[in-house]
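The values are calculated or read from the model by the stated rules, or taken from the named source; none is laboratory data. Just so you know, these numbers come straight off a predicted model, no measurement behind them. Virtual Cβ from ideal backbone geometry, glycine too; neighbours counted across all protein chains shown. Note: areas computed on protein heavy atoms with side chains; ligands, DNA, RNA excluded. Shrake-Rupley method; radii C 1.70, N 1.55, O 1.52, S 1.80 Å.
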Amino acid sequence: MVSSRNNHRNGHVLVGNHQTQMESGDNDAAINKSPGVGTRHYVSFMLFLGMANAYIMRTNMSVAIVAMVNHTAIHSDSDIFDDECPDTDYGNSTHDQMQDGEFDWSTKKQGWILSSFFYGYVITQIPFGILAKKYGSLGFLGWGMFINSVFGFLVPVSAHMGVTWLIIVRFIQGLGEGPIVPCTHALLAKWIPPNERSRLGAMVYAGAQFGTIISMPLSGILAQYSWPSIFYVFGAMGVVWSIIFLWTVYEEPQACPKIDAEEKEFIVKAIWGNEAVNRSPEIPWMSVLTSMPFYAILFAHMAQNYGYEFLMTELPTYMKQVLRFSITENGVLSSVPYLGMWISSILLSMVADWLISTNKLSITKTRKIFNSIGQFGPAICLAAVSYTGCNRALTVFLLTLGISLNGGIYSGFKINHLDISPRYAGILMSLTNASANMAGLLAPITCGYIIEGKPTIAQWRIVFLIASTIYGICAVFYILFGKGKRQPWDNPSNDVVVYFPKNENISQETNRMLNNNKQQVRQ
């Protein structure tokens, strides 16, 4: 469902001089002087909160299920410890004793419950990317998160109705969250000038780490009192955000009645220049699917999700089984690296935008440098961790350093979709994000096969080296084929320009640009 107040700007509008943007290099937009803090920063802040809400909704079940399950009634492989490291009292803390929950769910059933959300999330990436391209991103994002949040209220009820009902509810939540990444990317393409993309893009996507940092400890506190409160509290937060977002955010600067005229002109000229308008250009599928810069982003994204999901799902297990940390220590130490990643992503993005805006480096070189930091960093640290053995302090330090450096990817491949194709950024993100999430699902499966049975340091070394190798190979591929320039297949001169009569439901500004361009074309 799409908000009617934004219908007149739901198609992707083209406004930019292709001669300037396509031929003169990838640093042209940096010469525009920023008008300062404005509406684009508010839009970015709302998208940041939306991303945080999205990650809260996807991770809260991981904490809640611990309080929901009757652990004495089932056997869990997580109770198996490696005895290679010296005995400690890390696993015997009295604070880690918890009361059993009310559900007798096997480990297999828990796996289906936890994964059901992601199956719904993955299958909607590409469809929503295509629909958002045609009808606009705002409504899909806002209403999708609203559905996700409302069905969060139904988790406690469905859990008591049976596992099947709970899986269905979580699957629907995943469907509702499907638009979050492609639609966020499409909105960033319309709102954020090139010389601010690293900083504001990193801020928006850093909402993922912020949401994780908030969700884990707060869910744990709520679970001590009542596990249903986890879904009621976060569900209410999501509903409030959705309403405010749909009411106050607009599809693009030209549709926003409150934006300052200077800021609107700055954004439009920085992104598009002075081009003709094509509200809904055809997607050049063959050109996209044969574009090496696109594949550079795709493989970097897949490597990122594999490594990220591996660390998210398996790091707590490693710290418990091998390093013998208590659950309390485990929870704190497992979240610290993501706090480091959140901080580093902001700091690195500021440096990246400074390099671009001052013309010290081209967009292409900047993206490659920061993506290398974001992927070679964890690759080296994971390889080193595989040989640290029982040295707990060094292991934790290397994991924290590696995940913190991973924040560089936001100024690397993550925002690169907008550079190579501002018009199709949402489509590109839907393609890479869907593939990346499928790659991410392979991480715990691969780990499970390798460390099946009694875990050893040697088995975990294989797991760490696989993740390290994937990071490294895809980072090299990105260096070889990544680009920061708008690609030829996104050249507006190849479009069929469609003109609309003045009485159509589009803005007066759009009509003016259309009529002016019509005269230019006739000449």
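Points worth noting:
- Rule-of-thumb Rg ratio for the stretch 108-235 [Cα; 2.2 N^0.38 Å; N residues]: 1.17
- Multiplying the residue separation of residue 476 and residue 233 by 0.36 nm and removing their Cα-Cα distance gives an extension gain of 83.2 nm.
- Computed 3J(HN,Hα) for the stretch 51-67, one whole-Hz value per residue from the Karplus formula 6.51 cos²θ - 1.76 cosθ + 1.60 where θ = phi - 60°, is 5, 4, 4, 4, 6, 5, 5, 8, 9, 5, 5, 4, 7, 5, 5, 5, 7, glycine and proline marked x.
- Sulfur and carbon atoms: percent of accessible area, the stretch 361-427 [1.4 Å]: 77 percent
- Per residue, in Å², the accessible surface of the stretch 110-268 once ligands and nucleic acids are set aside, probe 1.4 Å: 35 Å²
- Protection proxy ranking, peptides 38-47, 292-301, average beta carbon neighbours within 10 Å, highest first: 292-301, 38-47
- The stretch between residue 458 and residue 350, if pulled fully straight at 0.36 nm per residue, gains 34.9 nm over its current Cα-Cα span.
- Accessible surface of the stretch 124-167 [probe 1.4 Å, protein heavy atoms]: carbon and sulfur percent: 83 percent
- Per-pair calculated FRET efficiency, R0 = 25 Å: residue 62 and residue 390 via Cβ, rounded to 0.05: 0.40
- For residue 306, the accessible surface of its heavy atoms amounts to roughly 20 Å² (probe 1.4 Å, protein chains only, rounded to the nearest 10).
- Accessible surface for the stretch 349-492, divided over its residues, is 34 Å² per residue with a 1.4 Å probe.
- Relative to the Cα centre, the charge distribution of the stretch 99-222, modelled as +1 at Lys and Arg Cβ and -1 at Asp and Glu Cβ, gives a dipole magnitude of about 540 debye.
- Extension gain, residue 160 back to residue 218 (0.36 nm per residue minus Cα-Cα distance, nm): 18.6 nm
- Accessible area of residue 265 (1.4 Å probe, protein heavy atoms only, ligands and nucleic acids ignored): about 100 Å².
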